[in-house]
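Values in this text are rule-based calculations from the coordinates and carry no lab data. Predicted, not measured: the structure shown is a model, and the values here were computed from it. Counting neighbours? That spans all protein chains shown, and the Cβs are built from the backbone with ideal geometry, glycine included.
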Amino acid sequence: MKYSNPQIPEGINTSKQHPLKEFFMLTAGVLGLIVAAVLLLGFFADKLAHHIPFEVEQRIASKELLAESDPGPMQGYLEALTEQIVKAQSLPEEMTITVHYVDDDTVNAFATLGGHVYMFRGLLEKLPNENALVMVLAHEIAHVKHRHPIRSLGRGVVIGLALSMLSGTMGDKMADQIVSNTGLVTSLTFSRDQERESDKTALKTLMALYGNVVGADQLFEVLQEAEGAMKLPEFFSTHPLSEKRIQHIHAFGRELAHSTTEAQATPLPLDFPDWLNLAADDQGHE
Amino acid sequence: MIVTNIEILPDKRIVQHLGLVQGSSVRAKHVGRDIMAGLKNIFGGELKGYTELLQESRAEAMERMIEQAEAVGANAVLNVRFSTSSVAAGAAELFAYGTAVVLE
Amino acid sequence: MIDLIILVTLLALGYGFGSYAESRHYKSIIARENTLRHIPAVTSRFPPMNEGSRDAALVSGSVVVSVDYFKRFIATLRNLVGGRVTSYESLVDRARREAILRMKAEAEKLHADIVFNVKLETSSIHKGRGNSIGSVEVLAYGTALKTDQ
C-alpha cells in the first residue's frame, strides 16, 4: 500500500464569483425588496386607516392630551384664524379643530390625533406677517383634513410589525439594522408626500382667504434659517427640503398668474408681539 | 466513484492512499422560510424547509468532495464523515471529508 | 446619515483589509501545504500492520477565524434571500486547511510520517453573543505514526 499526498486544485470548496459583484447584486436586490414591501404595506395601511372614523381618532387622542390652553389674546386670535381656515377648507362637520398655543422656544407647529393643532411661540415670533401664520395654521389643519395623523399611526404600526417580524426571525444585529433602517428611510416618503399634500391645501386656503399666496414662501425661509447649516439630504428627512417647498410655492403662484411678491401682505395685528410676551409673562408669574 | 463510510472494502484492494479530501457548503434559506419555521416552532413537527436546506447542502458538500477526489486521480473515497455546523444564524454548513484512494 | 457613512466606511475597511488578509492567508496555507506534503493525513482508522508502524501519538491543531465586516454584510443579505453563502465558504475552507496544517506541523515535530484517523470538528464559539460575530473554530486531530517505509 502506498501513501501519497497530491496537491488538490484550489477553488473547489469556494465559489469563484467576485465578492463585489455579489455585494452589489445582493444589496440592490434586498434593499429593493424591502423598499417595495414597505411601500406596498404602507399604501394599504394608509388606505385602511383613512376609513377609521374621526370619532375613534378623537377617543385615542384624548388620553395623551395636554391641558386646555389658557384663554389669552393669542389663543383667541389663533382660534379666530382657525375658524376662517376651517371654513375655507370646508372641513366635514364632525372634524373639530382644537388649536393650542404653546409658550415654548421651539420653532415648530404640529397637528396630532383628534384634530389638535399645537403652535409654538418660537415659531410665531419669527413670522413676518399674518399670511405666513395662516400658512402654518392651514398646513397643520390640512394634515387633519387629510387624516394624516391617524394614517401615519396606522402605517407605522403595520410597517413596524412587519419589519420587526422580519428582523426578529433573522436574530442577527446586523440584519436587524439593515432591515429596520431601510424600512424607516423608505417610510419617510409617505411622510414627505403628506407634507406636500398639506402644503398644497394650505396654499389653496391662502388663495381663498387673501386672494394671493404672499407670505407662504417667507414661512419656509424662516424654517430654512432655523434649520441652520445642519441639512440632511431629503432622502433621510420627514419633510421635503424647504428650498423645494419654496419652489413649489412660486410655481403655484405663477400658475395662478400671481406673483408671490407683488401683492401686499396682510400684516399681523399690531398687538401681536405683546400677545406673545403677555403669554410669556403669565407663565412667568405662575 | 465509490463513496463509503467503511474503511476496507471486502472485495477490493487499496492500491494507493491519496490523503484527505473535503467538501463543504454553506447555504441559507430565504427569510420567508425562516418565518415559517418560526411559526412551525409553535406546533412542532418537521421543518421541511430546513430539511431541504440540509439535503441541498449535503449534496453539494459531497459533490465538492468527489470533485477533489477526482482531481487527485482517486476512484473511491473511503471512511467518509459528515459534520454540520452553524456559521451564522439561519445558515447551515455541511462538511464532508474522507480519504481518497485508488482501488484496484 | 452618519450611520450610513459609518456603514460605508466599515464596509470599505472590511473589504480592503479582509481581502488582503485572505489572499495572504491563502498564500501562506499553500506554501505550508507544500512543505508538509510528505506527511499525508488520512481518515482510515487502521494503519497497515506489516509496515512497522510505531510511536503513536495524538496530534491536533485548531484555529479560530473570523470574517470581515464586508463578508458578514453579504452573508446577512444572503440570509434574507437564501442560496449559497459564498462569503463564508472561503472562511471555513481556510479554517479547515489551517487546522489540518497545524496538526501536521505538530506531527512533523514528532518526526511522524503519517497521521491516521483524522477527525475535524467545527463549532462557532460566538453562539452566546446573539450571532453578532461571524467566526468559526475548527479542531483537527488524529494519530501520528512513524512508519519504516
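Distance between the 7 Å Cα→Cβ label points at residue A:33 and residue A:20: 2.5 nm.
With neighbours defined as other Cβ atoms within 10 Å of a residue's Cβ, the residues B:33, C:96 order from fewest to most as B:33, C:96. Across all Cα atoms of the protein assembly as shown, the radius of gyration (one decimal) and Dmax (whole number) stand at 35.0, 114 Å. Charge dipole of the stretch B:2-103 (Cα centre as origin; +1 on each Lys and Arg Cβ, -1 on each Asp and Glu Cβ, all else neutral): 160 debye, rounded to the nearest 20. Residue C:99 sits among other residues whose Cβ lies under 14 Å from its own Cβ, and their net charge, with Lys and Arg +1 and Asp and Glu -1, is +1. At full extension, residue A:80 and residue A:55 could sit 6.6 nm farther apart than now, given 0.36 nm per residue minus the alpha carbon distance.
State to the nearest 20 debye the size of the charge dipole of chain A about its Cα centre, where the only charges are +1 on K and R beta carbons and -1 on D and E beta carbons. With Lys and Arg at +1 and Asp and Glu at -1, about 1920 debye. Principal-axis analysis of the Cα atoms of chain C puts helix C:69-81 at an angle of about 80° to the longest axis. Modelled spin labels at residue A:93 and residue B:42, positioned 7 Å past Cα toward Cβ, are 4.4 nm from each other. Residue order for B:57, A:242, fewest other beta carbons within 10 angstrom first, comes to A:242, B:57. For the protein assembly as shown, build the charge dipole from Cβ charges (+1 Lys, Arg; -1 Asp, Glu) around the Cα centre, then report which of A:52, C:16, B:102 sits farthest towards its positive end. So the residue furthest toward the plus end is B:102. For the segment B:29-42, counting C-beta atoms of other chains within 10 Å of every residue's C-beta and taking the mean gives 4. Distance check, please: which entries in A:200/A:244; C:27/C:109; A:16/B:48 exceed 19 angstrom between their Cα atoms? Over 19 Å apart, Cα to Cα: C:27/C:109; A:16/B:48. Estimated from helices alone, the mean residue ellipticity of the protein assembly as shown at 222 nm is -18000 deg cm²/dmol (sum of -39500 (n - 2.57) over DSSP H runs with n ≥ 4, per residue).
One Cα centroid belongs to the stretch A:72-87, the other to the stretch C:50-90; the line between them spans 71 Å. For peptide C:5-12, the mean count of partner chain Cβ atoms within 10 Å of a residue's Cβ comes to 1. For chain A, which DSSP H helices look membrane-span-like by this rule: Cα extent along the axis of 27 Å or more and mean Kyte-Doolittle of at least 0.5? In chain A, the long hydrophobic H runs are A:19-49, A:148-170.
Placing unit charges on the Cβ atoms of the charged side chains and taking the dipole of the protein assembly as shown about its Cα centre, the candidate lying farthest along the positive direction among A:136, C:35, A:150 is C:35. Residue exposure proxy: A:196, C:78, C:54, ordered by other Cβ atoms within 10 angstrom of their Cβ from fewest to most, comes out as C:54, A:196, C:78. Diffusion of chain B by Stokes-Einstein, at 10 °C in a medium of 1.306 mPa s and with Rh set to the Kirkwood radius over alpha-carbon pairs, works out to 106 µm²/s. The alpha carbon radius of gyration of the stretch A:39-269, expressed as a multiple of 2.2 N^0.38 Å, is 1.08.
For the peptide C:89-95, the mean number of other protein chain Cβ atoms found within 10 angstrom of a residue's Cβ is 6. Note on residue B:51 and residue B:13: with the Förster distance fixed at 56 Å, the Cβ-Cβ geometry gives a FRET efficiency of about 0.90. Its relative contact order, with pairs defined as Cα atoms under 8 Å and 6+ residues apart, puts the stretch C:2-146 at 34 percent. Its Kirkwood hydrodynamic radius, worked out from the mean inverse distance over all distinct Cα pairs, puts the stretch C:2-146 at 17.1 Å.
Magnitude of the charge dipole for the protein assembly as shown, about its Cα centre and with charges confined to Cβ atoms of Lys, Arg (+1) and Asp, Glu (-1), is about 3460 debye. Counting only DSSP beta bridges with both residues in chain A, the antiparallel share comes to about 45 percent. In whole angstrom, how far apart do the alpha carbon centroids of the stretch B:1-73 and the stretch A:1-33 sit? Distance between centres, Cα-based: 17 Å.
To the nearest ten degrees, helix C:86-109 and the longest principal axis of the Cα atoms of chain C are 30 degrees apart.
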